[in-house]
Amino acid sequence: MTTNDIMKSRLKYNRPSLRARARPPKNRTPLGEAFSAANMGTSLQLQCCVDCRRFQYPSQEVCQVCLNDNLVWRAAAGEGHIISQTTLYNSLWEFFKRRIKQKPWPIATVSLDEGPIVFAHLDVEEFDKAKILDVSESTQVKVFSHYDCSMRSILIATSKDIFTDTKEARRKIVTRMSLSEPAFRDGGI
Amino acid sequence: MKSYDGVALLSPVSFGYSRQSSHSAAWFIGRTFQSVIHGAGLKKEDIDGFAVTSFSLGSDSSITLTQQFQITPRWIEQFPYGGASGIIALRRAARAIQCGDADIIACIGGDAAAHRSFEHQASIFSGFTIDASFPYGAGGPNTAFSLITQNYMEKYGTSREDFARISLDQRYNANHYPAALLGHKTLSLDEYMNARQIAGPLHLFDCVMPCAGGEGFLMMSEDRARHLKQPYCVIRSAQELHNAHPSDEIQFRGGWTEFVNELYAAAQTGPDEIDLVQTYDDYPVISMLQLEDLGFCKKGEAGKFVQETDMRFDGSGALNKKLPHNTNGGQLSVGQAGAAGGYLGLNETLRQLTDTAVNNSVPKAKIGLISGFGMINYDRGLCSAAAILARPNI
Ligand SMILES: [Zn+2]
């Protein structure tokens with residue numbers, strides 16, 4: 001086969017996924033798995049250095065400041081402000097590709113008052129819809145964790161006035177954001 | 001810092017750019033390596049130093065490639081620093097030559113682009129990426145750059161029309177550089193503005209196109225280069241800094257701010273005397289950060305600067321102020337051949353300063369600045385590097 005033929009045969013398979021159910025990325029490092037496990041059923045648990053009393057995220061092997069490994073999971077309030085926000089019209093992952101076909105996917109980076117900078121799915125429904133574009137630098141938000149339908153803990157940023165103290169309240173938001181069930185495809189396999 | 005006197009760069013090769021390829025990285029590196037050696041009239045056996053940069057070598061590395069290519073170097077390196085790899089390779093190899101650890105070093109960047117390989121690379125780029133950014137929409141580098149671009153626009157009032165200046169002039173340059181993957185197409189302001197939206201303020205012509213390809217060059221002593229009767233250029237100065245400004249909430253500057261004065265002082269020059277600039281342009285906003293941090297304009301004023309400056313290689317644009325920038329079209333128009341993208345600006349400068357640029361040569365260019373930016377991890381790029389190259393004896 002010439003190079004051109006190999007290319008053509010590869011391109012033949014360059015088609016949208018036929019899976020009936022597409023889910024968010026499952027893959028995590030062992031530290032990411034530990035984060036997922038620590039956050040199941042809680043509002044937000046972040047890695048904290050016992051010596052420096054400092055939160056850090058993403059999860060790491062050692063404290064970023066003192067380099068000790070004296071790290072524990074500790075409850076964080078998750079309050080902070082938006083650093084920057086964007087909407088994705090394009091994704092490399094089938095789950096998000098299907099969601100984006102319905103509407104662009106909003107995410108943000110948030111600076112937590114407790115220190116870390118986090119990526120989060122942005123709950124735009126809970127901001128005044130007319131002002132979605134004003135959800136920008138310095139908008140006050142609250143970040144909580146929840147599992148998605150891949151059973152991995154993910155972070156959600158919502159308006160700081162929204163009630164998120166109970167599991168039910170948090171689940172309602174995640175369901176509304178269509179993270180709690182797969183992206184279906186009619187007639188998929 | 002000790003100078004880089006006595007070291008020569010030569011034999012720039014850009015090889016095999018293609019949108020997708022069934023060839024592996026080792027093929028691109030091997031074929032580029034061959035062209036680099038032959039270009040200087042050398043034999044494989046003359047090479048005693050070998051440096052490689054690649055994202056897609058898989059379980060292979062610079063050392064296993066020595067067996068594949070049957071070379072026996074006494075100096076070996078691998079530089080996995082993405083867009084800063086070219087300048088980092090230049091700095092390390094220059095020191096090895098000055099110290100006599102190697103006489104002739106080949107620096108090669110090469111990457112494959114098999115079907116769907118980019119998705120895979122983006123999803124496993126680093127631990128932070130796997131755990132804490134890819135699961136949020138899986139946008140790859142577009143995500144971090146749309147956040148950086150959005151923030152920059154809000155902070156400094158920069159518009160999409162400003163970013164367009166960079167993409168449009170680069171496309172003109174690419175139209176004169178045959179290897180550019182998008183060089184056969186022109187780009188108008190309307191086409192730029194109405195392009196498909198990708199992420200927040202980023203549209204299609206703001207994003208580099210991943211591709212396959214190889215880039216390579218040779219380094220040796222000036223004496224050796226003269227003896228070979230090869231055109232070469234010299235290093236006036238070079239600097240790097242990594243994970244700079246870690247407490248900035250979001251990236252609006254890079255490590256260049258910390259070494260820019262020293263960079264120009266060591267080169268005995270300044271931004272006004274630079275004949276051509278190659279910035280690392282995976283997205284226009286990043287070129288703007290470099291133009292600011294490297295002293296071509298003040299912080300936040302790059303939008304205004306590009307609106308006033310003709311950045312075409314031949315100065316044929318309407319604007320009075322001239323600064324040839326990304327003179328072969330940059331990655332935005334040539335394509336981003338993985339980590340080889342980090343060698344693109346360096347090789348383009350080498351061609352310009354050795355009179356080997358064919359249709360896009362910058363008239364009377366004597367001194368060029370290259371900037372590298374690499375490894376977008378989580379929310380920001382970690383490597384900053386820059387070098388000033390010049391023709392010898394000026
Ligand atoms: Zn500590």
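The values are calculated or read from the model by the stated rules, or taken from the named source; none is laboratory data. This one's a predicted model, so the numbers in the text were calculated from it and none came from an experiment. With ideal geometry, Cβ positions are generated from the backbone for all residues, glycine too; neighbour counts draw on all protein chains shown. When the accessible area is computed, the model is the full protein with side chains, heavy atoms only, and any ligands, DNA or RNA have been set aside. Shrake-Rupley method; radii C 1.70, N 1.55, O 1.52, S 1.80 Å.
Inside the range A:51-91, can you point out the residues that are within 14 Å of chain B (Cβ to nearest Cβ), farther than 30 Å from B:Thr149 by Cβ, of a type outside the set (Asp, Glu) and free of Cβ contacts under 8 Å to residues at least 40 places away in the same chain? A:Val62, A:Val65, listed by residue number. For the range B:59-103, taking the residues that are among the charged types (D, E, K, R) and part of a loop (DSSP other than H, G, I, E, B), the one that is least open to solvent (accessible area, probe 1.4 Å) is identified as B:Asp60. Assess whether B:Phe55 counts as being open to solvent by 20 Å² or more (accessible area, probe 1.4 Å), among the aromatic types (Phe, Trp, Tyr) and not in a helix (DSSP H, G or I). So B:Phe55 passes the test.
Residues checked against (1) assigned to a helix (DSSP H, G or I); (2) within 9 Å of chain A (Cβ to nearest Cβ):
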residue: B:Ala113; (1), (2): no, no
residue: B:Ala122; (1), (2): yes, yes
residue: B:Phe125; (1), (2): no, no
residue: B:Ile130; (1), (2): yes, yes
residue: B:Tyr136; (1), (2): no, yes
residue: B:Gly139; (1), (2): no, yes
residue: B:Thr143; (1), (2): yes, yes
residue: B:Leu147; (1), (2): yes, yes
residue: B:Asn151; (1), (2): yes, yes
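Annotation: B:Thr257 fulfils all but one of (1) over 30 Å from A:Val110 (Cα atoms); (2) more than 18 Å from the chain's Cα centre (by Cα); (3) polar (S, T, N, Q); the unmet one is (1). Of the residues making up the range A:133-168, those that are among the aliphatic types (A, V, I, L, M) and closer than 20 Å to A:Leu112 by Cβ are A:Val135, A:Val141, A:Val143, A:Ile154, A:Leu155, A:Ile156, A:Ala157, A:Ile162.
Within the range B:131-161, the set of residues being surrounded by fewer than 21 Cβ atoms within 10 Å (Cβ to Cβ) and in contact with a Pro (Cβ under 8 Å, 6 or more places away or on another chain) comprises B:Met153, B:Arg160.
Of the residues making up the range B:14-25, those that are open to solvent by 20 Å² or more (accessible area, probe 1.4 Å) and more than 10 Å from chain A (Cβ to nearest Cβ) are B:Ser14, B:Phe15, B:Gly16, B:Tyr17, B:Ser24.
This table checks each residue for (1) among the small types (Gly, Ala, Ser); (2) assigned to a loop (DSSP other than H, G, I, E, B); (3) under 13 Å from B:Tyr280 (Cα atoms).
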position	(1), (2), (3)
B:Leu319	no, yes, no
B:Asn328	no, yes, yes
B:Gly341	yes, no, yes
B:Leu344	no, no, yes
B:Asn347	no, no, yes
B:Gln352	no, no, no
B:Ser361	yes, yes, no
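Matching residues to (1) within 12 Å of the ligand (Cβ to nearest atom); (2) assigned to a loop (DSSP other than H, G, I, E, B); (3) open to solvent by less than 40 Å² (accessible area, probe 1.4 Å):
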position	(1), (2), (3)
A:Phe55	yes, no, yes
A:Gln64	yes, yes, no
A:Leu67	yes, yes, no
A:Arg74	no, no, no
A:Ala77	no, yes, no
A:His81	no, no, no
A:Asn90	no, yes, no
A:Lys97	no, no, no
